[in-house]
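Written out below as structure tokens is the structure these notes cover.
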Amino acid sequence: MAVETPPSHGENLSDVSFTSGLHGLIGASPAMREVYSQIKYLAASRANIFISGETGTGKEACAEAIHRASPRSAAPFVTVSCNAMPPELIERRIFGDPSESAPTAPPCALRAADRGTLFLDEVSVLPLPLQGRLLRFLQSGMAGRTLVDVRLICSSSRPMLSELASGKFREDLYYRLAVVPLELPPLRERGGDIEALAQSFLRRFAREQGKKFDPLGPDHIAALEAYAWPGNLQELQNVIRRAVLLFDGPDLPLRALPAVPPAPLGQTPQTVEAPAQRPASTETSHEALFEALAGLTLDQIERLAIEGAIQAAHGSLPGAARILGVSPSTLYRKRERWNDAQRSA
């Protein structure tokens, strides 16, 4: 789910325009109107919330919208991406390190979110012992020796009923976390929202790169709406970001967009770009590559490579690490650094 500049805290939900969205969320489709209606009631509640939906549907943005619309909006909103770090670091990130006085110790997310909201993204990846510790926190409210007042919002892209049936996730914990469940729609079910989202991403990334692009035209929108978007909002965002990095404008060439028709009903689509012509020679290939990447910084090229590998590995960081020939911990650290930079921007 896309986020633009959020409105001020405490926005009157009865005055929300479905065209502009809610607290930075974008979309006016019937599916999103239903999400906004649910946020209206969830924000006023003190109950824990469990957000489900496919990878890339914008679960963190939805969680932050709930926080911003709630009485806790003046307090911190803290995110822990459970699938963005090795398992051995997750516990220290949530509960703190016993040696917190050490300068390199990660901050305790529960204490950092006191009086606010803690969002545990992809909570279903937590190992069973850590699930037990999280359950004990819900029962006691104690983070170490400190009593904290935290609202938990959790998310997962996995089918939780299957996780419960297989014993991978504790039922007693799930039903404490999922007092109120919220399902986010995939992008392919959001009607005309693709145009508003793509135009928003284009404006944002062009502004960040100091470039000028004309708004997307009917041909661009037709191409975008003909694609099934298996990676949902995250994939759409990556496509537009990559296009802005690789081209100077003012027109965005159609070849920058996916060229795959939607998958047949019941099948999972795959992200496939239009096939490239076989290069005449290695020298020609290198020249074309250099031309495409000219003007990008090394950090931008690295991010393009990593995001492309993650997409090729269907969202799996270990799989992307194998493609790139690096350790998974390297990608975990880089992803966390990007997320921190985006949240502080």
Listed residue pairs exceeding 28 Å between alpha carbons, taken from Lys40/Lys334; Lys40/Lys211; Lys59/Lys168: Lys40/Lys334; Lys40/Lys211
Between region 180-207 and region 107-163, the Cα center-to-center distance that results, in Å: 28
Loop-resident sites, region 23-131, for GluC sites (Glu not before Pro), counting at most 14 other Cβ within 10 Å (DSSP): Glu100
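Which shape class applies to region 149-254: rounded if a/c is under 1.5, otherwise prolate when a/b exceeds b/c and oblate if not, where a ≥ b ≥ c are the square roots of the Cα gyration tensor eigenvalues? Please report the intermediate quantities before stating the final value.
On the way: a/c = 3.22, a/b = 2.40, b/c = 1.34.
In terms of gyration-tensor shape, prolate.
If we count every other residue with Cβ under 12 angstrom of Ile221's Cβ, Lys/Arg +1 and Asp/Glu -1, where does the sum land? Don't skip to the answer; put the middle values down first.
Values: positive: none; negative: Asp193, Glu195, Asp219, Glu225.
Its environment carries a net charge of -4.
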Ranking of Leu233, Leu202, Leu118 by count of other Cβ atoms within 10 Å, fewest first: Leu202, Leu118, Leu233
Gain upon complete extension [Arg333, Arg158; 0.36 nm per residue less C-alpha separation]: 60.7 nm
Surrounding net charge for Arg176, when Lys and Arg each add one and Asp and Glu each subtract one, Cβ distance under 14 Å: +3
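What is the dipole size for region 74-192, taken about its Cα centre, with +1 at each Lys and Arg Cβ and -1 at each Asp and Glu Cβ, in debye to the nearest 20?
Values: 14 positive and 13 negative charges, 23 e Å.
Taking the Cα centre of region 74-192 as origin, the dipole is about 100 debye.
No lab work stands behind these numbers, since they all come straight from the coordinates. Everything quoted here is computed from the prediction, not taken from an experiment. Cβ: placed from backbone, ideal geometry, glycine included. Neighbour counts: every protein chain shown.
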